[in-house]
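Trainee: Starting off with a structure, shown below.
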Amino acid sequence: MKKVYANAAEALDGLLHDGMLIAAGGFGLCGIPELLLQAIKDAGTKDLTFASNNAGVDDFGIGILLQTKQVKKMISSYVGENAEFMRQYLSGELELEFNPQGTLAERMRAGGCGIPGFYTKTGVGTVIAEGKEHKDFNGETYILEEGIFADLSIVKAWKADDTGNLIFRKTARNFNPPAAMCGKICVAEVEEIVPRGALDPDQIHLPGIYVHRIIQGEHEKRIEQRTTRKREEA
Amino acid sequence: MAWDRNQMAERAAQELEDGMYVNLGIGIPTLVANYVGDKDITLQSENGMLGMGPFPYEGDEDPDLINAGKQTITELARTSYFDSATSFGMIRGGKIAAAILGAMEVAENGDLANWMIPGKLVKGMGGAMDLVAGVGRVIVVMDHTNKHGDSKVLKECTLPLTGKGVVDRIITNLGVLDVADGGLKIVELAEGVSEEELRSSTEATIVG
């Protein structure tokens, strides 16, 4: 079992094909698989569908694949902060499927757990419910949402061991575990690969069964909204 | 006279009880955190955190620690982190006691519209639809009228809905209204606002 690869391009070798569905972790620019996205850009794979909460900004995250027109469709909950996205969407070049954020997360988790569909109250009575099966349980109406089964998952974690056990850091965990779970193959980029046994088994956030290839790399980790408070004078 | 943004936030903070887990939206709802006083309130950030702390001091920003508005924040001694599916599991599962959110329109039956204006740039609903469908109590904090002076408290929403029949209480610059049978019930008037003034600024049916 060799899971550790030298770099993002090698880790993605043989996994990319035009028209594929990729589930990507991250929230805004926090915890996004920035190295793997760059490698997909370099590979030139086209007509991609991304299941990802956001679409990055113009020059970072999935935004870099929008600039090269490699993305056909986004499945997202929020796509502000990205002018090129809006341009392509309004001109009809890019398809967009809005999912409520929790529905998107649960669609990924369900896909990874072998659950093809689930009922939720979220979106009942809104445009999200149009065309979807409605069913009542205990007097309340729910809609049917489908699990996401991705061709490939790309995620970012803090630490991994060589068996693919992952630990995330603070709110950079976000969509990464559910995104990792829903792919046929998952590639994870991490800040540090530690020796087997160095991670406390009780503290693993995502077991290595979900992770097939791993790379270690330097991350820019860009901040989208830097907000601070003033230090009180002593 | 009517309430300003901070007074609206202060009034909304009165809705929170000791021990509650609460989700605050962007805008005036964020200010509510400044007025919880001694109450033991745990703030949820739906990107995967319970126990959200204040903004960091300059130089202490951590790119791995942001809130749902993508702003840098800090953790507290009580903080826990989790993934997005778990986060919305606790929202959908009714574990979050209340959400305080802004709105574009609210209707007398509790319908809420706060995510899109047709013909204008659509950014997405984010977690708003999940929150209003899942949390125990939905409290809207907003100006009573829009910048043209038209009521935002309506008989029926004109904008695409975020949730149907989901709002429990509306706090505006003019007062506090509850969604009740047949229309809205006046709970409280803002300082210096007459009942007549509130009624004339409200398109929705007021039942008492």
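Derivation of every value follows stated rules applied to the coordinates shown; laboratory data play no part. This is a predicted model, so every value here is computed, not measured. Virtual Cβ from ideal backbone geometry, glycine too; neighbours counted across all protein chains shown.
Trainee: What 222 nm value per residue comes from the helices of chain A, counting each DSSP H run with n ≥ 4 as -39,500 (n - 2.57) and dividing by all residues, nearest 500 deg cm²/dmol?
Mentor: Rounded to the nearest 500, the figure is -5000 deg cm²/dmol.
Trainee: I've got another one for you. Once you place label points 7 Å from the Cα toward the Cβ at B:LEU121 and A:LYS69, how far apart are they in nm?
Mentor: 2.3
Trainee: Still on this structure, I have one more. So in the protein assembly as shown, what percent of DSSP beta bridges are antiparallel if you round to the nearest 5?
Mentor: If we restrict to bridges inside the protein assembly as shown, about 40 percent are antiparallel.
Trainee: Give me the one-decimal nm value for the distance between modelled label points at B:TYR57 and B:ASP18, 7 Å along each residue's Cα-to-Cβ direction.
Mentor: Spacing of the two 7 Å Cα→Cβ label points: 3.2 nm.
Trainee: Hey, what did segment B:5-201 get for relative contact order, percent, Cα under 8 Å, at least 6 apart?
Mentor: In percent, rounded to a whole number, it is 19.
Trainee: Which distance in Å, rounded to a whole number, links the C-alpha centroids of segment A:33-99 and segment B:134-206?
Mentor: Comparing the Cα centres of segment A:33-99 and segment B:134-206, I get a distance of 38 Å.
Trainee: What is the order of B:ILE26, A:ILE143, A:ILE214, fewest Cβ neighbours within 10 Å to most?
Mentor: With the fewest neighbours first, B:ILE26, A:ILE143, A:ILE214 line up as B:ILE26, A:ILE143, A:ILE214.
Trainee: Going by how many other beta carbons lie within 10 Å of each one, how would you line up B:SER87, A:SER77, fewest first?
Mentor: The order, fewest Cβ neighbours first, is A:SER77, B:SER87.
Trainee: While we're looking at this one, here's another question. For segment B:166-204, run through the GluC sites (Glu not before Pro) and keep only the ones in DSSP coil with at most 11 other Cβ atoms within 10 Å of their Cβ.
Mentor: B:GLU191
Trainee: Also, I was wondering about something else. Quick check on the exposure proxy: order A:PHE149, A:PHE98 from fewest to most C-beta atoms within 10 angstrom.
Mentor: Exposure proxy ranking, most exposed first: A:PHE149, A:PHE98.
Trainee: Follow-up. Can you give the calculated 222 nm mean residue ellipticity of chain B, where each DSSP H run of n ≥ 4 adds -39,500 (n - 2.57) and the sum is split over every residue, rounded to the nearest 500 deg cm²/dmol?
Mentor: -4000 deg cm²/dmol
Trainee: Still on this structure, I have one more. Tell me the trypsin sites (Lys or Arg not before Pro) within segment B:99-184 that lie in a loop according to DSSP and have at most 10 other beta-carbon atoms within 10 Å.
Mentor: Of the trypsin sites (Lys or Arg not before Pro), the ones in loops of segment B:99-184 whose Cβ has at most 10 other Cβ atoms within 10 Å are B:LYS120, B:LYS147.
Trainee: Let me ask something else. How high is the relative contact order of segment A:8-216? Use alpha-carbon pairs under 8 Å, at least six apart in sequence, and give a whole percent.
Mentor: Relative CO of segment A:8-216 lands at 22 percent.
Trainee: Please list, ordered by chain and number, the residues whose modelled amide H lies under 5 Å from the amide H of A:VAL190; skip anything fewer than 5 residues away on the same chain.
Mentor: Long-range HN contacts for A:VAL190: A:ALA157, A:ILE215, A:GLN216, A:GLY217.
Trainee: Counting other Cβ atoms within 10 Å of each Cβ, which trypsin sites (Lys or Arg not before Pro) in segment A:29-77 have at most 14 and sit in a DSSP loop?
Mentor: A:LYS69
Trainee: Take the alpha carbon atoms of segment B:40-108, find their center, do the same for segment A:125-204, and report the distance between the two centers in whole angstrom.
Mentor: 19
Trainee: Which value in nm describes the separation of the simple spin-label points at A:ARG231 and A:VAL127, placed 7 Å from the Cα toward the beta carbon?
Mentor: My value for the distance between the label points is 4.8 nm.
Trainee: Here's something else I'd like to know. Could you tell me the relative contact order of segment A:30-86? Use alpha-carbon pairs under 8 Å, at least six residues apart, and round to a whole percent.
Mentor: 38
Trainee: Once phi is turned into θ = phi - 60°, what whole-Hz ³J(HN,Hα) does the Karplus curve with 6.51, -1.76 and 1.60 give for every residue of segment B:181-195, x standing for Gly and Pro?
Mentor: Rounded to whole hertz, the list is 4, x, x, 9, 10, 6, 9, 6, 9, 5, 3, x, 9, 8, 4.
Trainee: Figure the gain on full extension for A:ILE185 and A:GLU10 (residue separation times 0.36 nm, minus the Cα-Cα span) and round it to one decimal in nm.
Mentor: Difference between extended and current length: 61.6 nm.
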